[in-house]
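I have placed the structure first, in the form of structure tokens, so that the comments after it can refer back to it.
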Amino acid sequence: FYLTPPQVNSILKANEYSFKVPEFDGKNISSVLGFDSNQLPANAPIEDRRSAATCLQTRGMLLGVFDGHAGCACAQAVSERLFYYIAVSLLPHETLLEIENAVESGRALLPILQWHKHPNDYFSKEASKLYFNSLRTYWQELIDLNSGETTDVREALINAFKRLDNDISLEAQVGDPNSFLNYLVLRVAFSGATACVAHVDGVDLHIANTGDSRAMLGVQEEDGSWSAVNLSYDHNAQNEHEVERVKMEHPKSEEKNLVKQDRLLGLLMPFRAFGDVKFKWSIELQKRVIESGPDQLNDNEYTKFIPPNYFTPPYLTAEPEVIHHKLRPQDKFLVLATDGLWETMHRQDVARIVGEYLTGVHHQQPIAVGGYKVTLGQMHGLLTERRARISSVFEDQNAATHLIRHAVGNNEFGTVDHERLSKMLSLPEELARMYRDDITIIVVQFNSHVI
Amino acid sequence: AAGMFLRLLSDVQWRAANPKWRRMTSSQRSTSTTAEAAPVYLPAQAQVVICGGGITGTSVAYHLSKMGWKDVVLLEQGRLAAGTTRFCAGIVSTARPVSIERKMAHYSNKLYQQLEQETGVPTGYTKTGSLSLAQTQDRLISLKRIASSLNVMGIPCEIITPKQAVQLHPLINIHDLVGAMYVPEDALVTSANVSLALATAASRNGVQIHERTSVSHVTVQKGRVTGVETDRGRIQCQYFVNCAGQWAYELGHSGEEPVHIPLHACEHFYLLTHPLTEPLPSSLPTVVDPDGRIYIRNWQGGILSGGFEKNPKPLFTEGRNQLEIQNLQEDWDHFGPLLSALLRRMPGLEALQILQLVNCPESFTPDMRCIMGESPTARGYFVLAGMNSAGISYGGGAGKYLAEWMVNGYPSDNVWPLDLKRFGTLQSSRTFLRHRVMEVMPLMCDLKVPRWDFQTGRQLRTSPLYDRLDAQGARWMEKHGFERVKYFVPPGKDLLDLDHSKTFYKPDWFDIVGAEVKCCKEAVCVIDMSSFTKFEISSTGDQALESLQYLFSNDLDVPVGHVVHTGMLNEKGGYENDCSIARLSKRSFFMISPTDQQVHCWAWLKNRLPDDSNLTLEDVTWKYTALNLIGPRAVDVLSELSYAPMTAEHFPSLFCKEMSVGYANGIRVMSITHTGEPGFVLYIPIEYALHVYNEVMNMGQKYGIRNAGYYALRSLRIEKFFAFWGQDLNAFTTPMECGREFQVKLDKGIEFVGQEALLEQKQNGVYKRFTMFILEDHDTDMDLWPWWGEPIFRNGRYVGKTTSSAYSYTLERHVCLGFVHNFDEKTGEEQVVTTDFINQGEYEIDIAGQRFQAKAKLYPFSSLFTQRRRKDEVELSGYQRE
């Protein structure tokens, strides 16, 4: 059986979300026009997360994709918390003081972030108090540390990533009297997540990446064609520098055991991640926390399992690699996506498909009869075929959806094959993960008029 | 390549046919590359300067020179017939839905037919006939309506079966056709050559033609054209004619005093092919397949086929633009659906080889009709443009009408549907035009059912009550940009989708309007009539009264507080406007005219009122909201709200008084309803509109008040034999011809415009008579409904056409209004129409080829009137006096 095109569309569009930066006086003065995002689950439930928010006390917009593993708890927590840590890291001293004073005296807090969320992107209410307290401790330390220097975005991003991972680790060690929360913080810490985050402020684009999600810039060449520029490095076994780094951080004796079957300690694909305390804590700490933890944790074979050749933790870090890029007029869009996309599509194809979608031109040469002998019938056939090809463009109102359609449905000719698309989407839950990974995509469109 | 070929061909013929011209044109061409000054100097002055050397410009020049105006200069920025005219498909077809358009096309056809003989320029004129195909029954009905109209014009035309169609054109696939219309005298021409032939004849008559001369702007002083500035110097002139086609809008806006010419260009595509293996005969009829949105004509053994796609590409929104001109290329993907339609209609053409896809911009107007006439603000500034892709069909006739207009002061036929003054500044926004033409171009092929409305460019002018009425179920139509209510859909009852109401038969709002009419008859209804044009004329002395007495046919020297119905007539006694004028004080008058009179009436008065600073004319349309309270209980509602007696003894018919309604003061209350029913119109300063409306609705509840719309109003006024200007009345109908002699005071002691003509009619009788017809054997549920424009037959012979029609819920019959002529049986000459002539005849009305018996009446049914009236005047078109 096959899914009908409307059924396919309803699956593909279930999680799509678009945001347009509001205009003032008919003009958009922001360097970002807006973004489209979407995700397609393979795991049930999906382990990917996404976030987008506008910083209200500083300028700039934050966008991120988070690929969870060993459950979605860590990815969920990072998607809720990371942007607050970044925003706080960016705040000037006076604003931090103002916020702290407001909390102290019970006054209304300055809003820090304006979220742009799909209804399915939830926040866990239960943990909000806990998360808030950790965040407050962070900004109190920032106030105490007051360096007096203006905040550097690169540093702010690195600090925020590290601090959040640290808080996740600490919260799990300390535990919580509330048994639900206690279990939650442990699940967060024992699962893991990669993060790829973009901060756009005017022409300054920063990408902070931890793990194997990827940021890619879509560039329109002078001749109108599209090319891709990577703005992040994958932290995995394919990255020589990363392998080198890991080896440097541990004694020579461990060298041959560090990376096995392209995995860290033969287990983990990404070489950097949030959570995953199994790769960060000492064996003693892990055993202590698990024993004192709730039964569910004790019963879980995965958490109890200690990685082999585990001698000199930590083996894993959440510290991101930050790349700064000054936007140019030819930089038209940014794609942030989890590895589910990059496994199936080359970045060059991603650049072309999104570029053509956004400019509304299917980069097909217009037909010119010129001196050729063409009959009406031949022309008719040609036009019918072109229309069929173009129609897949117009089905989507969202660049991310359009990209997913291609990622899942592309045939060997690079066009969407409905039959294949239908098959891939109707796979039973238990099979889906074997054919594809969760895919999460954010496509940010830049405003060439102000760049 | 085909375009070039056409061009070369025309060049060769142009020179061969016109030796007098060879020197000038060839020298200009040879120097054009070196950009030297042209050798022929422009004259310093001329009577008329025409801008544009396309079909319209050359046609105007041709007709002006024929009528004796020879001091004419025609300027063309490029070369003659090199713009849209060159690319035009060259189809001359009379199969047009609007009467005046049929007349223009018919004249064009006759003109082009003899043009080659007259000028020696081969025009490629071939009488091929045309076939209009119908894929649906509704389409066939619309063709039958056109066929009825063509036949009474004496143009041969027949409705044929698909099988007969295929005999006329063997390539047609007929499996999806229900019928067709065949017009054997329709023709094909080489359009550029027609234009060159007209230019040749004009230049022989003395018209000077200058190519490669651009008009930069027109100068106007004291409201009159004084000259034009060109890139080659200035020409003083009394008349300027803007025939600049798709550039007419820009040219109109280039001067200090803008002339608004609402048109907008769209890309238009057609296909040229190589000849068939066995070349198509040049006599093969042109095929129009409106349901497929295409036309197909034979072209040099192959075909030429274009169409009007659903998704047009408007261009030059921001004005002439070199980039857009360069981008005017073949767009096959865009043409795809039309190509599909072509191959569906003629599958045998699959193997035919393509020559070229031509992209030729055409200009379109907001209502699909061309634009002709004099600017309301600059006298002597004439316009002929916006041909909606039918420039060749209309060019000849339109040029003739415009030339007559300039020479005689008015054309020989009613061209109000084409008059520039039907538009104002409000249709001049580029955004409006861009959106509207995107709707108009597909409409060229869409089915035109009765009472269709434009969907774009809406909600521009609205009453302050718009939201309130909308929330109560109002369905809207638009007139001159103003939203007016058609009817109110009762809560809980929703009409089916819009398509369903697209019918030539009984519409789905029948019962809804019936209920509104019933309420007007038995209780009271409110209709928002704010769109009507409202002027105030006042003076310090008697100037206002004196001027109005001269410009209007009725006696306006009435006591203060009286309302007078009167025509604003032209010299021939025809209605330029039909209005109600209230005398507010000794020296000020309040004038109410139809909505679309806002520009025309203003210009008419402005041009004729004395230039006197003590006399002021003010347009107060926007200042007042008008609520029409119709029905026997209107008097109760109003007297309760005002604590004033409103009965006929205190407030007789045709009175006007300022009074308070609710809390609001200064409401102008007039005892007229525009329907013949009892009631009042309240002219409310807009800030009080909502308050007064709420008060009226609250108070009216106990009297059964409800909202009503224009459809109810129409039914009421037509069953009472009320003529409306713009539908029934126009510049060619006089008060004498429609039983309104009582609104003319020939003896008022003051000479007035049109008096002489009316006196003559009074003595010698009239040549047509406004008559009311009650359809006898017409089944409202099953038969096609009349609309307007249906031929009227008397004793089997054609005598005229209907001008409006409506179902009368009181008579339970259809009522048509129209003019009856008396054409001489042999000569066809018009003869006097007497009351006896009307009364002694058996009448039939032809609706799409089917004739229905009708009873003719010159007076409305007296039983329909129960109202008490002022003694000396009645609010009637008939002689119904007590």
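The values are calculated or read from the model by the stated rules, or taken from the named source; none is laboratory data. Worth saying up front: this structure is predicted, and the values here are computed from it rather than measured. Note: ideal-geometry Cβ built from the backbone for every residue, glycine included; neighbour counts use all protein chains shown. Please note that ligands, DNA and RNA were not included when accessible areas were found on the heavy atoms of the full protein model with its side chains. Shrake-Rupley method; radii C 1.70, N 1.55, O 1.52, S 1.80 Å.
Viscosity 1.567 mPa s, temperature 4 °C: give me the Stokes-Einstein translational D for the stretch B:47-364 in µm²/s, with Rh taken as the Kirkwood radius over C-alpha pairs. Before the final figure, lay out each step's value.
Details: Rh = 21.0 Å.
In µm²/s, the coefficient is 62.
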Any lysines whose Cα falls less than 30 Å from that of A:Lys373, other than same-chain ones fewer than 8 residues away, would be B:Lys310, B:Lys313
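Using a 1.4 Å probe over the heavy atoms of the protein chains, calculate the carbon and sulfur portion of the accessible area of the protein assembly as shown as a whole percent. Walk me through the intermediate numbers first.
Details: 27180 of 53890 Å².
About 50 percent, which is the carbon plus sulfur part of the accessible surface.
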Compactness check, the protein assembly as shown: C-alpha Rg relative to the 2.2 N^0.38 Å globular estimate gives 1.17
One finds, for B:Glu812 and B:Lys127 with R0 = 56 angstrom and r their Cβ-Cβ distance, a FRET efficiency to the nearest 0.05 of 0.70
For the stretch A:438-451, in residue order, the Karplus 3J(HN,Hα) values (coefficients 6.51, -1.76, 1.60; θ = phi - 60°; whole Hz; Gly and Pro = x) are 3, 10, 10, 9, 10, 10, 9, 9, 8, 9, 4, 5, 10, 8
Quick calc: nm separation of the 7 Å Cα→Cβ label points for B:Asp824 and A:Gln261 -> 11.1
Long-range amide H partners of B:Lys479, meaning residues 5 or more apart or on another chain whose placed amide H is closer than 5 Å, are B:Arg484
The lysines whose Cα lies under 20 Å from the Cα of A:Lys20, excluding any fewer than 8 residues away in the same chain, are A:Lys117, A:Lys332
Given B:261-271, A:35-45, the highest-first ranking by average Cβ count within 10 Å works out to B:261-271, A:35-45
Contour minus Cα-Cα span, B:Gln137 to B:Glu350, at 0.36 nm per residue, comes to 73.8 nm
Placing each pseudo-label 7 Å from Cα in the direction of the beta carbon, A:Glu419 and A:Asn146 end up separated by a distance in nanometres of 7.1
As straight-line cross-link partners of B:Lys127, the qualifying aspartates and glutamates (C-alpha separation under 19 Å, not fewer than 8 residues apart within one chain) are B:Glu116, B:Glu118, B:Glu158, B:Glu185, B:Asp186
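Longer than 29 Å from Cα to Cα, which of A:Lys256/A:Lys287; A:Lys13/A:Lys260; B:Lys748/B:Lys768 are they? Say none if no pair is.
Where the Cα-Cα span goes over 29 Å, the pairs concerned are A:Lys13/A:Lys260.
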Here, GluC sites (Glu not before Pro) of the stretch B:727-800 satisfying both criteria (DSSP loop; at most 15 other Cβ within 10 Å) are B:Glu751, B:Glu776
XL table B:Lys586/B:Lys702; B:Lys103/B:Lys857; B:Lys448/B:Lys745; Cα-Cα > 32 Å flagged, in table order, is B:Lys586/B:Lys702; B:Lys448/B:Lys745
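Residues of the stretch B:47-364: accessible area per residue at 1.4 Å, in Å²?
On the way: 10940 Å² over 318 residues.
Normalised by residue count, the accessible surface of the stretch B:47-364 is 34 Å².
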Once the mean of 1/r over all distinct C-alpha pairs in chain A is inverted, the Kirkwood radius in Å reads 23.6
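So if we plug the beta-carbon distance of B:Gln45 and B:Gln329 into 1/(1 + (r/R0)^6) with R0 = 45 Å, what FRET efficiency do we get, rounded to 0.05?
E(calc), rounded to 0.05, equals 0.60.
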Rounded to whole angstroms and listed largest first, the alpha-carbon spread of the stretch B:630-739 along its three principal axes comes to 46, 29, 25
Kirkwood calc, chain B, C-alpha pairs only, radius in angstrom 29.0
Here the relative contact order (percent) of chain B, from C-alpha pairs under 8 Å and at least 6 apart, is 11
Two pseudo-spin positions, 7 Å from Cα along C-beta at B:His175 and at A:Ser448, lie apart in nanometres by 4.8
Taking every other residue with Cβ under 14 Å from the Cβ of A:Tyr138 and scoring Lys and Arg +1, Asp and Glu -1, one gets -2
Per the 1/(1 + (r/R0)^6) rule, R0 = 56 Å and r from the Cβ atoms of A:Leu427 and B:Gln164, FRET efficiency to 0.05 is 0.40
Note to self: C-alpha centroids of the stretch B:459-484 and the stretch B:818-857 sit apart, in Å, by 39
For B:His562, the accessible surface traced by a 1.4 Å probe with all protein chains present amounts, in square angstrom to the nearest 10, to 20
